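Here is the structure we will look at, set down as structure tokens.
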Amino acid sequence: MSAEVVIREATRDDVPTLLGLIAELAEYERAADQARGTPELLDAALFGADPTAEALIAERAGETVGCAIFYRTFSTWECRPGIWLEDLYVRPEHRRGGVGGLLVHRLAQIARSRGYARLEWEALEWNTPALSFYDKLGAILEHEWRTLRLDGDALERVADGSAPGGRS
């Protein structure tokens, strides 16, 4: 693994590769059944008329070895945007070779160049290799915050007002 790693912005041509990496990540995270995206949806999210996300590709010797998919957030306390790192994935045979660090480095550069306040993400509690990697970067593990989510039927019930507390 001595070849140089190149980090570049994803292009439309990368959509099938990115979907493959997303599927690999979902499998690793024991949630393959939850990865339901399609090439059309990912293309629209990254390159459509109103893009909602961006992606970086990591390549070594012309081979895609990892990616980072991210989007802009907003901090009311800072009154500035930030970056939410949705997915950072490096193929298993390329881990511990600096690829993840280079992807995070490039994201930090993007945040700084855009005047953003922060770079944030989540990691699964059982993913100790990732948590160790992030700790070495100097990332702060937020113990007081919990991620909450409405999706599927729960989102529908709140949207239509049929959930308790879902409408005033």
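Among the residues of region 111-126, are any touching a Lys or Arg at 6+ places or on another chain (Cβ under 9 Å), under 26 Å from ALA3 (Cα atoms), part of a helix (DSSP H, G or I) and in contact (Cβ under 8 Å) with a residue 12 or more places away in the chain?
No, the conditions are met nowhere in region 111-126.
Part of a helix (DSSP H, G or I) and at pLDDT 95 or above: which single residue out of THR73, THR17 fits that description?
THR17
For region 29-46, how many residues meet the condition of being within 23 Å of GLU125 (Cα to Cα), surrounded by 11 or more Cβ atoms within 10 Å (Cβ to Cβ) and free of Cβ contacts under 8 Å to residues at least 60 places away in the same chain?
Of the residues in region 29-46, 3 are within 23 Å of GLU125 (Cα to Cα), surrounded by 11 or more Cβ atoms within 10 Å (Cβ to Cβ) and free of Cβ contacts under 8 Å to residues at least 60 places away in the same chain.
Name the one entry in ALA55, ALA68 that is in a strand (DSSP E or B), of a type in the set (A, V, I, L, M) and touching a Cys at 6+ places or on another chain (Cβ under 7 Å).
Result: ALA55 is the single residue among ALA55, ALA68 that is in a strand (DSSP E or B), of a type in the set (A, V, I, L, M) and touching a Cys at 6+ places or on another chain (Cβ under 7 Å).
How about region 127-164: which of its residues are of a type in the set (A, V, I, L, M, F, W, C) and closer than 21 Å to ALA68 by Cβ?
If the condition is that a residue be of a type in the set (A, V, I, L, M, F, W, C) and closer than 21 Å to ALA68 by Cβ, then ALA130, LEU131, PHE133, LEU137, ALA139, ILE140, LEU141 are the ones that fit.
Does ALA49 fit the bill of being of a type outside the set (Phe, Trp, Tyr), at pLDDT 95 or above and either surrounded by fewer than 12 Cβ atoms within 10 Å (Cβ to Cβ) or farther than 26 Å from LEU124 by Cα (or both)?
yes
Within region 110-153, can you find the residues that are within 16 Å of the chain's Cα centre (by Cα) and more than 19 Å from ALA26 (Cα to Cα)?
ILE110, ALA111, ARG118, LEU119, GLU120, PHE133, TYR134, ALA139
For region 130-141, does any single residue satisfy the condition of being touching a residue at least 24 places away in the same chain (Cβ under 8 Å) and touching a helix residue (DSSP H, G or I) at 6+ places or on another chain (Cβ under 7 Å)?
yes
The values are calculated or read from the model by the stated rules, or taken from the named source; none is laboratory data. Computed from a predicted structure; not experimentally measured. Heads up, the Cβs are rebuilt from the backbone with ideal geometry, glycines too, and the neighbour counts pull from every protein chain shown.
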